[in-house]
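One structure is given below, encoded as structure tokens.
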Amino acid sequence: MEKIELLYEGKAKRIWRTEDENLLISEFKDDLTAFNGEMKSSEAGKGALNNQISTELFKMLANNGIQTHFIKMLDNNHMLHKACNVILIEVIVRNIATGSLSKNLGIENGTILPFTLVEFDYKNDALGDPKLNDQHALILGLVEYQDELDKLRRMARQINDILKPYFFEKGLKLVDFKLEFGKDKSGNIILIDEISPDNCRFWDIESGESLDKDRFRKGKGGLKVAYENVLNRILQH
């Protein structure tokens with residue numbers, strides 16, 4: 001399967017058209033961005049790590065009944081997947097308060113939430129990915145029906161119910177993470193994009209150390225080593 005035409009370039013990936021209209025190729029980049037692009041850098045090998053981590057997690061989720069766009073990993077930096085109509089809603093799943101939740105609501109950093117919080121952000125870089133409620137999403141036409149928003153929430157919680165104990169067994173707390181969804185050619189809502197330390201927060205159960213992109217956001221260094229740590233734990237079946 002060959003890359004034919006660049007369709008889209010985002011912060012972390014390039015999306016390429018292939019000779020099959022139903023299949024696309026994602027190219028995972030080494031670029032790093034934070035705070036809506038205000039911080040920028042790159043880390044050699046980061047893209048390949050995210051590709052491999054996402055591959056393993058998509059396969060694991062599929063084995064647990066979650067429909068995804070994943071087909072196969074082509075090489076270190078390229079993933080073949082289904083073409084989907086992207087739903088322009090970022091679904092944020094939170095188990096522990098940190099980051100913007102602590103900052104905006106004054107909840108003490110590290111507080112375990114009484115239930116899993118699911119939030120929606122508008123996937124729009126120009127607007128800074130603002131928070132959405134259901135009425136906003138319907139007014140903007142991001143989905144057609146309330147039932148679709150309800151399904152996004154159900155799927156996000158189902159994915160969390162799979163990932164949280166999975167990572168706990170590997171010595172990691174799944175603090176929060178971002179999911180993206182799309183509609184396949186049959187109109188089914190499926191999981192797309194990636195699941196990696198770029199869009200998840202992982203804390204080591206023993207030390208509390210961050211093993212995710214917060215190392216870049218907070219200038220801690222050691223990002224590639226942290227991502228390798230996550231991958232190694234995933235590969236230790």
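Details
- The one condition from (1) in contact with a helix residue (DSSP H, G or I) (Cβ under 7 Å, 6 or more places away or on another chain); (2) surrounded by fewer than 16 Cβ atoms within 10 Å (Cβ to Cβ) that Ser100 does not meet is (1).
- The lone exception for Asp30 - which of (1) touching a Ser or Thr at 6+ places or on another chain (Cβ under 7 Å); (2) under 24 Å from Asn232 (Cα atoms); (3) at pLDDT below 95 it fails: (3)
- Pair list, Cβ under 7 Å, 6 or more apart: segment 145-157 residue in contact (Cβ under 8 Å) with a residue 24 or more places away in the chain, other residue in a helix (DSSP H, G or I) and aliphatic (A, V, I, L, M): Leu149/Ala137
- Any chance Leu101 is more than 17 Å from the chain's Cα centre (by Cα) and outside any helix (DSSP H, G or I): no
- Screening segment 1-76 for strands (runs of 3 or more DSSP E) wholly inside it with 1 or more residues that are surrounded by 13 or more Cβ atoms within 10 Å (Cβ to Cβ) returns the ranges 5-9, 13-17, 23-28, 31-34, 70-75.
- Segment 77-98, subset assigned to a loop (DSSP other than H, G, I, E, B) and in contact (Cβ under 8 Å) with a residue 60 or more places away in the chain, residue farthest from Leu57 (Cα to Cα): Thr98
Quick grid of which residues meet (1) in contact with a Phe, Trp or Tyr (Cβ under 7 Å, 6 or more places away or on another chain); (2) under 20 Å from Leu142 (Cβ atoms); (3) at pLDDT below 95; (4) not assigned by TED's automatic domain parsing to the domain that holds Ile96:
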| residue | (1), (2), (3), (4) |
| --- | --- |
| Val175 | yes, no, no, no |
| Trp203 | no, no, no, no |
| Lys213 | no, no, no, no |
| Phe216 | no, no, no, no |
| Glu228 | no, no, no, yes |
| His237 | no, no, yes, yes |
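- Among (1) touching an Asp or Glu at 6+ places or on another chain (Cβ under 9 Å); (2) touching a residue at least 40 places away in the same chain (Cβ under 8 Å); (3) of a type outside the set (Asp, Glu), the one test that Lys170 misses: (1)
- Sole exception among (1) in contact (Cβ under 8 Å) with a residue 12 or more places away in the chain; (2) out of contact with any Gly (no Cβ under 7 Å at 6 or more places or on another chain) for Asp161, by number: (1)
- Checked against the criterion of being small (Gly, Ala, Ser), in the same structural domain as Gly187 (by TED's automatic domain parsing) and at positive phi, segment 65-81 has no qualifying residue.
The values are calculated or read from the model by the stated rules, or taken from the named source; none is laboratory data. On a predicted model such as this, the values are computed, not experimentally measured, just so you know. Cβ sites come from the backbone with ideal geometry, for glycine too, and all protein chains shown count toward neighbours.
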